[in-house]
Every structure is written in structure tokens, then in C-alpha cells.
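**Student:** Have a look at this one.
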Amino acid sequence: MTYSPTASARWRPVALLAPHRIALIAIAIALITLAAVLMRWDWLADYYTLAIVGLWRTIWILIVTSIFGFVLAVPLGLAQVTGPIWLSLPAKAFCTVIRGTPLLLQIWLLYYGLGSLFPQYPWIRESDLWPLVRQAWPYAVLALTLSFAGYVGEIMRGALAGVPRGQLEAARAFGMSRWKLFRRIWLPQAVHKALPTLAGETVGQLKATPLVATITVIDLYAVALRVRQDTFVIYEPFLLLALAYMVLTGCLVWFFNSLEARIPVRVG
């Protein structure tokens, strides 16, 4: 018996030599060469360190807000599917408000609204929390977390409602507790159903991170703005910014595709 690998498992270097791929590679090389020769890049040495700081801050804000937002989104979706009205109604109202208002407005309300209240209380200024609440990044993280939770809460509501009821009833018939049923059957299948949409929302979350620059948080976008203000160079920093976001988006898409491929598909 001869082994014949599938088309997806075979690596075909010949595919890289396809005419359209060669044309795209040639165009990319030409654009990079023109950018290197005709554009101004002498400012890179002065802002390299700050750019690394901005990149790291963008990445960790994305990771932290996505994780905590998803953790909050699961009970929001679950409350809308199974909760009594005193739980489902506030969850629905929260998702509606978050999805119906601009994220920039939410960030400003938290930073300029909530943040302006704390200095009025001496016991807060004298507490250990004051060094934290006086900074801008906690409000940015809170706003992005709540925004992600509001959107993903609706996604999880649909995914949880889409799990076949027969599987849940069969699990109950086998004597599974509610927590074990939710942890081993209901939530994993709902996450698998929602993974493509979750990938899109996470990419959208990445693209929303530049809004934190409006409240003085130094991220990638803030670094590009500073370069423009200090050197009057416009195109080069924003082209690098676009390239950085494209690379980060590609990494996110690869991560979710790999995760989706590793999770076995279960048909109920």
C-alpha cells in the first residue's frame, strides 16, 4: 500500500512560482525599494525605543482587554439565554448600550468623567489606589474590556443558544452537574461555533486600540503622532504603523485558524 498525502498536507514549493505570486512578490520588492530610496527614514534611530514601548503596550492592552472581555462576555451571553429576567434584562441592556455608543465616547466618559471624580475625595488621594487611578491606561483598559464584552456577549448568546438541546438533555440524563455540563459540553461547543466571529472581533479590538492615544496612553499610534509632530514627517511613520497593524492582524488570524483546526468538530 502506497501512502498518498492529501493536498493540504503536501508542501508544494512550485506553488510559490505561480505567475500571480511572482508578480505580487515583484510589486512588493519594487514598493519597498522605492520607499527605502525616496522616503525619509533618518528619524527611526531617535524613535526606535519609543516605538518598541508603543508596540508592547498595544499588544498587552489587546491581550488583557480581550481575555477579560471574553470572561465577562460568557456570563453576559449565558444570562440572556438561561437567566431569569432580573439577570437577562440587565445583560441585554448592557450589550445594547455598549454596541449603540461609540467606543471613543466610552473612553472619554470613563477618563474625563469617572477619572475626574477621584481627585475630589481626600481618602482616595491618600490611599494606595491613587497612583493607579491618576494614570490614563486603567481607564483605557476598562473601556476596551467593556466594549469587547458587549460585542462578544451577543456573539456568545447566539453561540450558546445554537448548541443542540439534545446533547444538554443527554448530559443531564447521565447525571452531570450543571457546572460540569457547562464546562465540558455547552461552553466548548459554543466557543467552537463562535471562533470565526471571535477572530473578527479580536481583529476589530486591535484596530480600536489607537483610540487610547486620545487620553495620553502611549501606543503605536501615539508614537506615529509624536513623530509627525516633532519632525513634520507624515507618510513614513504612518506607513510603518499600517505595516505593524497588518503584521499583528496576520498573527491574530493565524492564531485563530490554528486554534480552530485543533478543536475537533462535534456533530450533535
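**Student:** Please compute the Kirkwood hydrodynamic radius of the chain from all pairs of different C-alpha atoms, in Å with one decimal. If you can, show how the numbers build up before the last one.
**Tutor:** Working: mean 1/r = 0.0450 Å⁻¹.
Value: 22.2 Å, from the Cα pair sum.
**Student:** What's the carbon and sulfur percent of segment 27-131's accessible surface, probe 1.4 angstrom, rounded to a whole number? List each step's numbers first, then the result.
**Tutor:** Numbers: 5300 of 6960 Å².
It is 76 percent, rounded to a whole number.
**Student:** What is the magnitude of the charge dipole of the chain about its Cα centre, with +1 placed on the Cβ of each Lys and Arg, -1 on the Cβ of each Asp and Glu, and no other charges, expressed in debye to the nearest 20? Working shown, then result.
**Tutor:** Details: 22 positive and 11 negative charges, 232 e Å.
Dipole magnitude for the chain comes out near 1120 debye.
**Student:** At q = 0.15, 0.20 Å⁻¹, what base-10 log of I(q)/I(0) does the Debye formula yield for segment 53-156 when every alpha carbon is treated as an equal point scatterer in vacuo?
**Tutor:** -0.72, -1.02
**Student:** Okay, moving on. Along the charge dipole of the chain, Cβ charges K/R +1 and D/E -1, which of Ala26, Ile185, Trp137 sits furthest on the positive end?
**Tutor:** Ile185
**Student:** May I ask you to give the solvent-accessible area per residue for the chain, in square angstrom, as obtained with a 1.4 angstrom probe? Walk me through the numbers on the way to the answer.
**Tutor:** Details: 16920 Å² over 268 residues.
Value for the chain: 63 Å² per residue.
**Student:** Taking every pair of Cα atoms in segment 28-105, average 1/r, invert it to obtain the Kirkwood radius, and report Rg/Rh to two decimals. Working shown, then result.
**Tutor:** Details: Rg = 22.1 Å, Rh = 16.8 Å.
For segment 28-105, the value is 1.31.
**Student:** Ok, one more. Any idea of Asp128's accessible area? Nearest 10 Å², probe 1.4 Å.
**Tutor:** Rounded to the nearest 10, that gives 150 Å².
**Student:** Which listed residue (Thr209, Ala159, Gly175) has the Cα farthest towards the positive end of the charge dipole for segment 155-229, taking +1 on Lys and Arg C-beta and -1 on Asp and Glu C-beta about the Cα centre?
**Tutor:** Gly175
**Student:** A further question follows. How about Lys193: which aspartates and glutamates have a C-alpha closer than 17 Å to its C-alpha, ignoring those fewer than 8 places off in the same chain?
**Tutor:** The reachable aspartates and glutamates, counting only those whose Cα sits under 17 Å from Lys193, are Glu154, Glu201, Glu260.
**Student:** Suppose R0 equals 25 Å; then what is the FRET efficiency for Leu259 and Ala93 from their Cβ-Cβ distance, rounded to the nearest 0.05?
**Tutor:** Numbers: r = 31 Å, r/R0 = 1.26.
So, using R0 = 25 Å, E works out to roughly 0.20.
**Student:** Given the whole protein assembly as supplied and a 1.4 Å probe, what does the accessible area of Val152 come to in Å², nearest 10?
**Tutor:** Rounded to the nearest 10, the figure is 0 Å².
**Student:** Between Leu31 and Glu126, what length comes free when the chain is fully extended (0.36 nm per residue of separation minus the Cα-Cα distance, one decimal in nm)? Please report the intermediate quantities before stating the final value.
**Tutor:** Values: separation 95, 0.36 × 95 = 34.20 nm, distance 5.59 nm.
That pair, Leu31 and Glu126, stretches by 28.6 nm at full extension.
**Student:** Return the calculated 222 nm mean residue ellipticity for the chain, to the nearest 500 deg cm²/dmol, obtained by summing -39500 (n - 2.57) across DSSP H runs with n ≥ 4 and dividing by the residue count. Don't jump to the answer; show the numbers that get you there.
**Tutor:** Values: 12 runs with 189 residues, N = 268.
Rounded to the nearest 500, the figure is -23500 deg cm²/dmol.
**Student:** Report the charge-dipole magnitude of segment 98-249 in Debye, nearest 20, computed about the Cα centre from +1 at each Lys and Arg Cβ and -1 at each Asp and Glu Cβ. Working shown, then result.
**Tutor:** Values: 14 positive and 8 negative charges, 159 e Å.
Computed charge dipole of segment 98-249: roughly 760 debye.
**Student:** Then there's this: Taking loop as defined by DSSP and a crowding limit of 12 other beta carbons within 10 Å, which chymotrypsin sites (Phe, Trp or Tyr not before Pro) in segment 155-219 fit? If you can, show how the numbers build up before the last one.
**Tutor:** Values: sites: Phe174, Trp179, Phe182, Trp186; in loops: Phe174.
Here the sparse-neighbourhood loop sites are Phe174.
The values are calculated or read from the model by the stated rules, or taken from the named source; none is laboratory data. Only a predicted model underlies this, so the values are computations on that prediction, with no experimental measurement involved. Glycine gets a Cβ as well: all are built from the backbone with ideal geometry, and neighbour counts include every protein chain shown. Surface areas here come from the heavy atoms of the whole protein model, side chains and all, with no ligands, DNA or RNA. Shrake-Rupley method; radii C 1.70, N 1.55, O 1.52, S 1.80 Å.
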